Amino acid sequence: MDLPAHPTRITVYAASVNGAFSKANSHLALLHARRAWQHPDSLPPTAADVIYAAARRRLQALTPSERETERKHLARNESGHPLESSALHDVMRELSELP
């Protein structure tokens, strides 16, 4: 998923090799989705990109109080896709809505 011209180096600490690979893969998927959101024509879309973009569009359409309710719900229940949580955090950060 990484671009050869712009490699990303990450350090992952985990209890097992499989855990480390899983964490690294999730992080790279998020980086790819963010890059695809910011530069939609620069990368072929992946499933993660589609999930992240759909979440961003949905969350941007909400009011600030609806986004705050969504944030509290996700924090309490840890439900939803991790990319949706990241999209919510990104939208709220860009709109200066995080406490």
Q) In the range 27-52, which residues are at pLDDT 90 or above and among the small types (Gly, Ala, Ser)? A) Ala29, Ala33, Ala36, Ala47, Ala48
Q: Might you let me know whether the range 70-81 holds any residue that is open to solvent by less than 80 Å² (accessible area, probe 1.4 Å) and on the phi > 0 side of the Ramachandran plot?
A: yes
Q: Please specify each residue of the range 1-16 satisfying the condition of being open to solvent by less than 70 Å² (accessible area, probe 1.4 Å), at pLDDT 65 or above and either over 17 Å from the mean Cα position of the chain (by Cα) or of a type in the set (A, V, I, L, M) (or both).
A: Ile10, Val12, Ala14, Ser16
**Q.** Subset of the range 54-81 that is in contact with a Leu (Cβ under 8 Å, 6 or more places away or on another chain) and either within 13 Å of Arg34 (Cα to Cα) or not in a helix (DSSP H, G or I) (or both) - its residue that is modelled with the lowest pLDDT
**A.** Gly80
Q.
Quick test of your reading of the structure: Pro64 fulfils all but one of (1) open to solvent by 70 Å² or more (accessible area, probe 1.4 Å); (2) without any contact (Cβ under 8 Å) to a residue 12 or more places away in the chain; (3) over 13 Å from the mean Cα position of the chain (by Cα). Name the failing condition by number.
A. (2)
Q. Could you give every pair whose Cβ atoms fall below 8 Å, whose first residue belongs to the range 13-26 and is free of Cβ contacts under 8 Å to residues at least 40 places away in the same chain, and whose second residue is assigned to a helix (DSSP H, G or I) and of a type in the set (D, E, K, R), counting only separations of at least 6 or pairs across chains?
A. Ala14/Lys23
Q: Within the range 17-53, track down each residue that is open to solvent by less than 60 Å² (accessible area, probe 1.4 Å), assigned to a helix (DSSP H, G or I) and not aliphatic (A, V, I, L, M).
A: Gly19, His32, Asp49, Tyr52
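The values are calculated or read from the model by the stated rules, or taken from the named source; none is laboratory data. Here the structure is a predicted model, which is why all the values come from computation and not from measurement. Cβ atoms come from the backbone with ideal geometry, glycine included; neighbour counts cover every protein chain shown. In case anyone asks, the SASA skips ligands and DNA or RNA and just uses the protein heavy atoms, side chains included. Shrake-Rupley method; radii C 1.70, N 1.55, O 1.52, S 1.80 Å.
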